[in-house]
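These notes are about the structure you will find just below.
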Amino acid sequence: MELKAALEERYLAYALSTIMHRALPDARDGLKPVHRRILYGMRLLRLDPGAPFKKSAKVVGDVMGSFHPHGDQAIYDALVRLAQDFASRYPLVDGQGNFGNIDGDSAAAYRYTEARMTEVARLLLDGIDEDTVDFRPNYDGTTQEPVVLPAAFPNLLANGAQGIAVGMATSIPPHNVAELCDAALYLITHPGATSEQLLNFVPGPDFPTGGIIVDKREAIAEAYNTGRGAFRVRARWHREDLGRGTWAVVVTEIPYGVSKSRLIEKIAELLSERKLPLLADVRDESAEDVRVVFEPRARNVDENLMMASLFKLTELEARVPLNMNVLVGGTVPRVIGLAEALRAWLDHRRVVLVRRSNHRLREIARRLEIVRGLLVIHLDLDRVIKIIREEDEPKAELMRVFELTEIQANAILDTRLRSLRKLEEMELVRERDALVAEEEDLTALVGDEARQWKDVAKQIREVRKAFSGETKLGRRRTSFEEAPDTSNLDIVEAMVEREPITVIVSKKGWIRALKGHVADVSAVAFKGDDALGFSFHTETTAKILVVATSGKVYTLDAAKLPGGRGVGDPIRLMVDFDEGAEIAAVFPYEAGAKLLLVASDGRGFVAPTDGLVANTRKGKQALNVDAGTRAVIATPVRGDHVAIVGENRKLLVFPLAQVPEMTRGKGVRLQRYRDGGVSDAKIFPLEEGLTWQDTSGRTWTVAGEALRDWLANRAESGRLPPKGFPKTNKFG
C-alpha cells in the first residue's frame with residue numbers, strides 16, 4: 001500500500017485509541033480506562049474500605065497483567081494521584097505510606113506503599129456484580145473488564161479530570177458533591193433546567209486545596225453554559241500583627257495544581273531581581289497545613305497592594321481552565337455544559353437501576369422455582385425418601401412423579417435431611433410470599449419511569465447525606481469573592497512613610513519641604529533677593545502640580561522634594577520647563593477636584609485635576625496660549641459663581657455653569673478688556689458672598705444680594721469693584 005495511505009490509517013487508529021481509551025473520561029462515571037481498571041482490579045483483590053491494606057506493587061501487577069498492559073509506572077502514577085488529597089477532591093484510593101506532597105515531591109516506589117479503596121470508590125463500584133453494566137474482553141481475551149462503572153457517585157464533576165488526546169483535550173475542575181446532588185435532584189424534578197439555573201446549587205468549583213475564586217457570576221455562568229472557560233483562583237491570606245506596629249501576610253491556601261516549593265522559588269527569584277519592591281522576605285513555615293509568610297518592606301506598605309503585585313507576578317493567582325470535553329455515552333467526544341454533564345450521570349443511574357432490578361427479577365424467578373419445588377415434596381416426604389433410596393435414577397423419577405423441572409429436582413436432591421423438618425416448610429412458605437411480593441414490586445418499578453426517578457432521587461439523597469457540608473470531607477473549601485480594586489494604588493506611594501509637610505516655593509522657583517504643618521512661614525529664609533511665592537500643607541505621599549505660564553502642568557512627588565534645612569532646589573531641574581516659561585501656580589493634587597485655568601487675555605476653562613497629572617518630566621499641555629499670552633491663574637473650583645477682575649480694575653461676576661469643562665484647549669472668553677488683561681479670578685458660592693483680604697490682612701465680605709450690580713454674563717466688561725477692594729486688584 002502507499003506510504004500516504006498507510007500513515008493516514010495508522011495515525012487515525014492511534015488518534016482514536018488515544019481519544020477513546022486513554023485521555024478522555026466517560027461522562028457516566030467520570031473515569032478514564034486506567035482509573036476504571038485500577039478500581040476494578042482492587043475490587044477483585046477485595047481491597048474494600050474496611051479491608052487490610054495491600055502493597056501497591058500487588059495492585060499494579062494485577063492491573064497490568066489482567067487489564068492495562070501499558071507499563072507499571074503509568075498505572076502507579078495514576079493510582080498515586082487517586083490517593084492524593086491535594087490532587088483529588090474526593091480520593092478514590094486510601095494510601096498508606098509516602099504518596100507525595102503539595103511541594104511537588106514524588107511518591108515512594110510501589111514496593112514501599114500500600115493501598116485500599118475509599119468509600120467513594122466503593123460507591124462507584126456498587127452493584128457491578130448485578131449486571132448493571134456491560135463487560136468486554138480484556139486485551140488478551142482471557143477475562144472480562146467493565147465498560148463503565150455503575151457510579152453511584154457523581155465522579156466526573158466531583159473529582160474532575162485532565163487529559164490531552166490527539167487534536168482535543170479535557171480539563172474539568174473538581175466540585176462539591178453535596179452541591180452536585182442538590183443540582184441533580186433539581187434536574188430530576190425540572191428536566192429542562194439550564195446550566196445557569198443550576199448555578200443556584202453549584203456556584204463554582206470546589207478545589208481540594210481551597211483558595212478563593214474571584215470571577216464574577218456572569219463569567220462563571222458563561223463557562224458552565226458553553227463548557228469552556230477558566231476560573232481565576234487566588235491564594236487565601238490574612239494579615240497577622242506581630243506587635244510594635246509590625247505585621248506579616250500569611251498564606252494558608254494556594255491555588256489548585258500549584259507546587260508550593262516551585263511557587264516560593266519563583267517569588268525568591270523575583271525578590272532577587274527587585275521586581276517585588278514592596279516585599280522584604282518570604283518564608284515557608286508549613287507543617288501538615290500550608291503556611292507561607294510574606295514580610296513587607298516597610299510598616300506603612302498597603303497589604304492589599306503588596307498582595308496585588310504578588311497575584312500579578314506569581315502563581316498565587318492561577319487560571320484553572322474549564323473544557324468539559326468528555327465521551328458522551330462512552331463513544332462520542334463532545335464538549336458539554338454543566339446541565340448536560342449531570343443529565344448524563346442521572347440517565348446512567350436510571351439505566352443501572354433498571355438493569356439491577358431486572359437482574360434481581362431473574363434471581364427471584366430462579367429461587368421461586370426452587371422454593372415451589374421444595375414445597376411440593378413436603379406434601380409427601382416419605383415417598384420422596386423412598387424414591388431416593390430405591391430408584392437407580394431418582395432425579396428422573398422425581399420429575400415424573402411430582403411433575404418437577406430439572407432445577408427443582410436437583411434442588412431436592414441437594415437438600416439436607418435436617419432441613420426436612422416441619423419448621424422448614426413454614427420458612428419456605430414465608431420466603432415464597434416475600435419473593436412474590438418483591439417480584440411484583442420490582443415488576444412495577446421496571447414499568448414505571450416516574451417511580452424509577454423517585455428511586456434514583458432517594459439514592460442521591462443518601463449520597464448527599466454521607467458527604468454533606470457538615471462532614472469534614474464534604475465541607476466546601478473554596479470560597480467566592482470579588483477581587484479588590486488596586487488600580488488607584490501606587491507602589492511608589494506605598495513605599496513612602498506618610499508624614500505631614502509644608503511645601504515652600506519661592507518667587508524664583510526654588511522648592512523645599514518643611515517637616516510638619518508649619519503655621520507661620522514668615523521666618524523662612526530665602527536666597528539673596530528671593531522671597532516667598534507659594535506655601536501650603538500636604539503629606540509626603542501627595543503629588544504636587546506646578547502650572548507654568550506656558551500652559552503646561554508638571555507633576556512632582558512630595559516625597560522627593562528636598563528638605564527644609566537649606567533653600568531647596570530649583571523646580572527647573574526636576575522638570576523640563578519650556579524656554580521663557582515661569583511658574584504661575586503650585587498646589588497639591590486632589591483626586592476628583594477641578595481647577596479654573598485662565599490666560600492673561602481673559603480666556604479660560606474648568607479642568608479636572610485627574611487629567612492634569614503627568615507621568616513624565618515633559619509635563620502635560622493643558623491651556624493653549626498664543627504668542628504674547630501666558631497662563632496666569634489656576635484656582636480651585638469651590639462654588640457656583642466666578643468673580644474675575646481685570647488690570648483695568650473692572651469686576652465681573654457670572655455663573656460657573658457658563659464656563660466649559662475641558663482637559664485641554666484655549667477655553668472661552670471670561671471677561672472683555674479694551675486694554676490690559678486679567679488680574680485675578682476666584683470661584684465662590686454666591687449665597688455665602690464674595691470675600692477678599694485687603695493689604696492690612698483684614699477680610700471683607702460682600703453678600704450675594706449686594707453683588708447684583710456686578711452679576712452679569714460671561715465675556716462682559718464688568719464695573720468698578722465695591723468699596724474696600726484692594727488696590728492690588730487681587731482677592732488675596
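Between Thr405 and Ser479, what is the FRET efficiency for a Förster distance of 56 Å, r being their Cβ-Cβ separation, to the nearest 0.05?
Details: r = 65 Å, r/R0 = 1.16.
Once rounded, the FRET efficiency stands at 0.30.
Taking a ≥ b ≥ c as the square roots of the Cα gyration tensor eigenvalues, the stretch 676-731 comes out oblate, since a/c reaches at least 1.5 and a/b does not exceed b/c. Given their separation in residues at 0.36 nm each and the Cα-Cα distance between them, Asp380 and Arg451 gain 21.2 nm when the chain is fully extended.
In this label model, Leu12 and Arg664 are separated by 6.3 nm, measuring between points 7 Å along each Cα→Cβ vector. Look at the alpha carbon pairs under 8 Å that are at least 6 residues apart: their mean separation over the length of the chain gives a relative contact order of 9 percent.
I need to check one value: relative contact order of the stretch 31-150, counting alpha carbon pairs closer than 8 Å and at least 6 residues apart, in percent. List each step's numbers first, then the result.
Values: 180 pairs, mean separation 33.4, N = 120.
For the stretch 31-150, the relative contact order is 28 percent.
Dipole check for the stretch 236-315: with +1 at the C-beta of Lys and Arg, -1 at the C-beta of Asp and Glu, and the Cα centre as origin, the magnitude is about 280 Debye. Take the Cβ atoms of Lys723 and Asn300, set R0 to 51 Å, and the FRET efficiency comes out at 0.45. Could you pull out the pairs from Lys216/Lys454; Lys507/Lys594; Lys508/Lys723; Lys560/Lys666 whose alpha carbons sit more than 29 Å apart here? Over 29 Å Cα-Cα: Lys216/Lys454; Lys508/Lys723; Lys560/Lys666.
Using a 10 Å cut-off on Cβ atoms, rank the peptides 460-468, 92-100 from the highest mean neighbour count down.
Details: 460-468: 17.0, 92-100: 19.7.
Ranking, from highest mean packing down: 92-100, 460-468.
Rg and Dmax over the alpha-carbon atoms of the stretch 528-586 stand at 11.9, 32 Å. Here the Karplus curve 6.51 cos²θ - 1.76 cosθ + 1.60, taken at θ = phi - 60°, turns the phi angles of the stretch 506-514 into couplings of 7, 5, 8, x, 8, 10, 7, 10, 8 Hz, with x standing for Gly and Pro. For the pair Lys55 and Asp85, the difference between a 0.36 nm per residue extended length and the Cα-Cα distance amounts to 8.9 nm. Among rounded, prolate and oblate, which fits the stretch 23-121 when a ≥ b ≥ c are the square roots of the eigenvalues of its C-alpha gyration tensor, a/c under 1.5 means rounded, and a/b larger than b/c means prolate? Since a/c stays below 1.5, the shape of the stretch 23-121 is classed as rounded.
Using a Debye calculation, one point per C-alpha and no hydration shell, please list log10 I(q)/I(0) for the stretch 306-423 at q = 0.21 Å⁻¹ in order. Log-scaled intensity ratios, in q order: -1.11. The Cα atoms of the stretch 590-732 give a gyration tensor whose axes a ≥ b ≥ c have a/c of 1.5 or more with a/b greater than b/c, which makes the shape prolate. Note on Lys515 and Ala280: the model spin-label points, each 7 Å out from Cα along the C-beta direction, lie 2.1 nm apart.
The phi-based Karplus calculation (6.51 cos²θ - 1.76 cosθ + 1.60; θ = phi - 60°) puts the 3J(HN,Hα) values of the stretch 170-184 at 9, 8, 10, x, x, 9, 7, 5, 5, 5, 5, 5, 4, 5, 5 Hz, whole numbers, x for Gly and Pro. Projecting the Cα atoms of Leu198, Val376, Ala280 onto the charge dipole of the chain (Cβ charges, centred on the Cα centre) puts Ala280 farthest toward the positive pole. Think of the chain as a dipole: +1 on every Lys or Arg Cβ, -1 on every Asp or Glu Cβ, centred on the Cα centre; then among His175, Leu595, Trp237, Leu595 lies furthest on the positive end.
Distance between the pseudo-spin-label points of Thr415 and His70 (7 Å out from Cα toward the beta carbon): 5.4 nm. Normalised Debye scattering of the stretch 235-354 at q = 0.10, 0.11, 0.22 Å⁻¹ gives log10 I(q)/I(0) of -0.49, -0.54, -1.23, counting only Cα atoms as equal scatterers and leaving out solvent. A DSSP coil position with no more than 12 other Cβ atoms inside 10 Å describes the following trypsin sites (Lys or Arg not before Pro) in the stretch 81-168: Arg111.
For Glu253, the amide hydrogen comes within under 5 Å of the amide hydrogens of Arg236, counting only partners 5 or more places away or on other chains and with H modelled in the peptide plane. Descending by average beta-carbon neighbour count within 10 Å, the peptides 37-43, 208-214 line up as 37-43, 208-214, the highest first. Using only side-chain charges placed at the Cβ, +1 for Lys and Arg and -1 for Asp and Glu, the dipole size of the stretch 355-466 relative to its Cα centre rounds to 780 debye.
Here is the list for the stretch 278-375: trypsin sites (Lys or Arg not before Pro) lying in DSSP coil, each with at most 15 other C-beta atoms within 10 angstrom of its C-beta, are Arg291, Arg297, Arg299.
The magnitude of the dipole of the chain, with charges of +1 and -1 set on the Cβ of Lys/Arg and Asp/Glu and taken from the Cα centre, is near 2780 debye. The amide H of Gly551, built 1.01 Å from its N in the peptide plane, has Ala631 as neighbours under 5 Å, considering only residues 5 or more places off or on other chains.
If R0 is 22 Å, the Cβ-Cβ spacing of Val613 and Asp578 corresponds to a FRET efficiency of close to 0.70. Couplings 3J(HN,Hα) for the stretch 137-143, derived from phi with the Karplus relation 6.51 cos²θ - 1.76 cosθ + 1.60 (θ = phi - 60°), are x, 6, 4, 10, x, 8, 8 Hz, where x marks Gly and Pro. To the nearest Å, what is the center-to-center distance of the stretch 188-248 and the stretch 103-162, using C-alpha atoms only? A separation of 29 Å, based on Cα centres. Around the amide H of Trp247, modelled in the peptide plane, lie the amide H atoms of Leu242, all under 5 Å away and 5 or more residues distant in sequence or on another chain. Peptides 170-177, 621-628 ranked from most to least packed, by the mean per-residue count of other Cβ atoms within 10 Å: 170-177, 621-628. Stretching the chain fully between Glu288 and Lys472 yields a gain of 64.6 nm (0.36 nm per residue, less the alpha carbon separation).
Within the chain, all pairs of alpha-carbon atoms sorted by distance into 20 Å bins from zero give the percentages 13, 28, 22, 19, 11, 5, 2, 0. Across the stretch 342-466, the mean sequence separation of Cα contacts (distance under 8 Å, 6 or more residues apart), normalised by length, yields a relative contact order of 39 percent.
Each reported figure results from applying straightforward, stated rules to the coordinates on display, with no laboratory input. From a predicted model like this one, the values you see are computed outputs, not experimental measurements. Heads up, the Cβs are rebuilt from the backbone with ideal geometry, glycines too, and the neighbour counts pull from every protein chain shown.
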